[in-house]
Amino acid sequence: MTRAQKKKKPAAQYGAPVLLVDFPAQHVCRLTLNRPEKRNALSNELRGAIFAALEEVDRNKDIRVSIIRGAGTCFSAGYDLSRETGNAAQDLPFYGAGGAGEWARHVVDGCFRIWDLAKPVIAQVHGWCLAGGSELATACDLVYVAEDAQIGYPPVRTMSPPDNQFHAWLCGLRPAMEMMLTGDAISGRRAAEYGFANRAFPLTQLENEVLAIAQRVAKVPGDIQQMNKRSVHRAMEIMGLRAAIRAGTEIQALALTTETSRAAFSQFRESVTKGLNARDAAFSDYRTVKKNR
């Protein structure tokens with residue numbers, strides 16, 4: 001191998017698709033987050049691909065339901081924080097108003113883009129489903145998880161509350177408060193008990209079970225299903241969900257001005273790995289589990 005070949009960047013940086021699309025059954029489209037080497041970190045490129053694919057599906061009369069899943073060991077470990085591809089301010093997938101709180105508002109706008117689609121979207125969650133990954137799953141209409149999946153929002157420990165503050169709406173006051181005050185992850189089983197997910201399955205059964213559910217959803221014609229989906233969402237909106245989640249972006253933006261949050265982001269700029277380890281070491285979880293045993 002020549003010196004030039006040794007320096008060659010991984011194939012993923014040479015245009016390998018960050019999102020894979022297939023059609024595993026009649027009327028069903030499946031999107032696979034395809035950055036397994038990055039635990040499917042949600043770069044703006046990947047987020048843009050997700051939105052574009054879902055909007056294309058919404059226009060396709062032959063498709064009635066979509067599935068989102070992750071390649072490799074997990075669904076998604078969150079937003080991309082790397083120097084190379086994780087600059088949240090650059091190349092946003094769609095326009096949003098700038099100024100303080102821009103990123104949080106942009107995330108919530110993206111979640112509501114999925115929420116407002118005509119056709120149902122199903123999240124198929126395994127492994128880590130953290131931070132932005134949990135927000136993506138939440139934006140979907142149905143969520144099915146592996147029993148041993150790990151779902152959490154660890155940035156509450158040093159950075160801010162979530163961009164998309166869904167926890168109280170889905171999980172209730174006490175579970176939401178515990179997750180917010182600890183940053184601990186919950187298992188797939190617990191996620192189903194709390195209401196974050198519809199059901200939990202053994203990992204080996206998850207894909208087949210999700211596909212079977214998608215096929216049942218696809219039996220309903222799209223014009224009727226659109227109304228069915230909208231009726232549930234309107235009920236939640238009348239109770240204040242949309243306004244409350246949008247208001248949460250202001251709290252998230254305010255949190256970023258705290259001394260602790262500024263220090264955390266400074267550390268992340270130096271090294272994402274060191275920043276994550278510093279955040280979680282005292283809790284002995286996430287990537288620090290092996291180091292503290």
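Details
- Taking the average, over residues, of other Cβ atoms within 10 Å as the packing measure, peptides 34-46, 66-78, 178-190 rank 66-78, 34-46, 178-190 from highest down.
- Pairwise label distance in nanometres, ARG234 with LEU203, each label 7 Å out on the Cα-Cβ vector: 4.3 nm
- Span-like helix ranges in the chain, DSSP H, alpha carbon extent 20 angstrom or more, Kyte mean at least 0.5: 241-255
- Footprinting exposure proxy for ARG242, ARG30 (fewest neighbouring C-beta atoms within 10 Å first): ARG242, ARG30
- Paired Rg and Dmax values of the stretch 3-257, which use every Cα atom, in angstrom: 17.8, 63
- Relative contact order, whole percent, for the chain stands at 17, derived from Cα pairs under 8 Å and 6 or more residues apart.
- Size of electric dipole in the chain: Cβ of Lys, Arg +1 and of Asp, Glu -1, about Cα centre, debye, nearest 20: 760 debye
- Take every DSSP beta bridge whose two residues both sit in the stretch 3-257; close to 25 percent of them are antiparallel.
- Unit charges on C-beta of K, R, D, E only; dipole of the stretch 77-168, Debye: 120 debye
- Contour excess over end-to-end distance, with Cα ends at PHE51 and LYS219 and 0.36 nm allotted per residue: 58.1 nm
- Cα lying deepest toward the dipole's positive end in the chain, options ALA244, ALA168, GLN26, charges on Cβ: GLN26
- Over the chain, DSSP H runs of length four or greater, each weighted -39,500 (n - 2.57), average out per residue to a 222 nm ellipticity of -14000 deg cm²/dmol.
- Positive-end ranking of ILE68, VAL57, VAL232 along the dipole of the chain, with charges on Cβ about the Cα centre, is headed by ILE68.
- Only lysine pairs 8 or more places apart, or on different chains, with alpha-carbon atoms under 26 angstrom apart are counted in the chain, and they number 18.
- Length gained when the stretch ASN60-VAL21 is fully extended (0.36 nm per residue, less Cα-Cα span): 12.7 nm
- Taking amide H atoms as placed 1.01 Å from N in the peptide plane, the amide H of ILE67 lies under 5 Å from those of CYS29, ARG30, LEU31, ILE122, each 5 or more residues away in sequence or on another chain.
Read-outs throughout are calculated quantities, based only on the coordinates presented, and are distinct from any laboratory measurement. It should be emphasised that the depicted structure is a prediction, and the values quoted were computed from it without experimental measurement. We place every Cβ from the backbone using ideal geometry, glycine too, and count neighbours over all the protein chains shown.
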